[in-house]
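Here the structure comes first, spelled out in structure tokens, and everything after it is commentary.
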Amino acid sequence: MKILGNIIWLIFGGIITSIGYVISSLCLMITIIGIPFGLQTLKLAVLALWPFGSKVIDTGKSGGCLNIIMNILWLILGGLCISISHLVFGLILCVTIIGIPFGLQHFKMAGLALTPFGKTIT
């Protein structure tokens, strides 16, 4: 079932979303300061490609000073907008019964987009 969900996800926007995150990541990695933020958008790109069956796991380091500061900077510089957009798409998809599994994947992406530092995808 996960494979079918991922194939439908890819056809109806997963590839486009992932490409957008990869392009954003490459733009962020042009400067040395943007490299950590580019790596976080790459996490979002990976999750956008294959969200069904993927889990976002806290590494245990998310409470560290550096990760907290980076997550705050992430929120200020655009992470909040990314998270809100995934929340809106998730809410729109959850209107129908067929869209609920896809909406839940957007909610997973919204959680990662809110605070990506200190989290990994398995």
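The values are calculated or read from the model by the stated rules, or taken from the named source; none is laboratory data. These numbers come from a predicted model, not from an experiment. Backbone-built Cβ (ideal geometry, glycine too); neighbour counts: all protein chains shown. These accessible areas exclude ligands, DNA and RNA; they are computed on the full protein's heavy atoms, side chains included. Shrake-Rupley method; radii C 1.70, N 1.55, O 1.52, S 1.80 Å.
Yes/no per residue for (1) at pLDDT below 95; (2) under 13 Å from Leu44 (Cα atoms); (3) not acidic (Asp, Glu):
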{"position": "Lys61", "(1), (2), (3)": "yes, no, yes"}
{"position": "Cys65", "(1), (2), (3)": "yes, no, yes"}
{"position": "Asn71", "(1), (2), (3)": "yes, no, yes"}
{"position": "Leu91", "(1), (2), (3)": "no, no, yes"}
{"position": "Cys94", "(1), (2), (3)": "no, no, yes"}
{"position": "Ile98", "(1), (2), (3)": "yes, no, yes"}
{"position": "Gln105", "(1), (2), (3)": "no, yes, yes"}
{"position": "Gly111", "(1), (2), (3)": "yes, yes, yes"}
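Leu87 fulfils the conditions (1) within 13 Å of the chain's Cα centre (by Cα); (2) open to solvent by less than 70 Å² (accessible area, probe 1.4 Å); (3) aliphatic (A, V, I, L, M) except for a single criterion, (2).
Filtered by the rule that a residue be of a type in the set (A, V, I, L, M) and open to solvent by less than 90 Å² (accessible area, probe 1.4 Å), region 73-84 gives Leu73, Leu75, Leu80, Ile82, Ile84. Filtered by the rule that a residue be within 17 Å of Gly90 (Cβ to Cβ) and either of a type outside the set (Gly, Ala, Ser) or not in a loop (DSSP other than H, G, I, E, B) (or both), region 22-54 gives Leu44, Leu47, Ala48, Pro51, Phe52. Within the set Phe102, Phe52, the sole residue that is surrounded by 15 or more Cβ atoms within 10 Å (Cβ to Cβ), touching a Lys or Arg at 6+ places or on another chain (Cβ under 6 Å) and more than 15 Å from Pro116 (Cβ to Cβ) turns out to be Phe52.
Thr59 - would you say it is more than 12 Å from Lys108 (Cα to Cα), among the hydroxyl-bearing types (Ser, Thr, Tyr) and loosely packed, with under 14 Cβ neighbours inside 10 Å? Criteria met by Thr59.
Here is a yes/no grid of residues against (1) open to solvent by 70 Å² or more (accessible area, probe 1.4 Å); (2) closer than 20 Å to Gly5 by Cβ:
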{"site": "Ile23", "(1), (2)": "yes, no"}
{"site": "Cys27", "(1), (2)": "yes, no"}
{"site": "Ile30", "(1), (2)": "yes, no"}
{"site": "Gly34", "(1), (2)": "no, no"}
{"site": "Asn67", "(1), (2)": "no, no"}
{"site": "Thr96", "(1), (2)": "yes, yes"}
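Taken residue by residue, region 95-113 has no member that is in a loop (DSSP other than H, G, I, E, B) and more than 21 Å from Gly13 (Cβ to Cβ). Scanning region 55-65 for residues that are over 18 Å from Ser18 (Cα atoms) and outside any loop (DSSP other than H, G, I, E, B) turns up Ile57, Asp58, Cys65.
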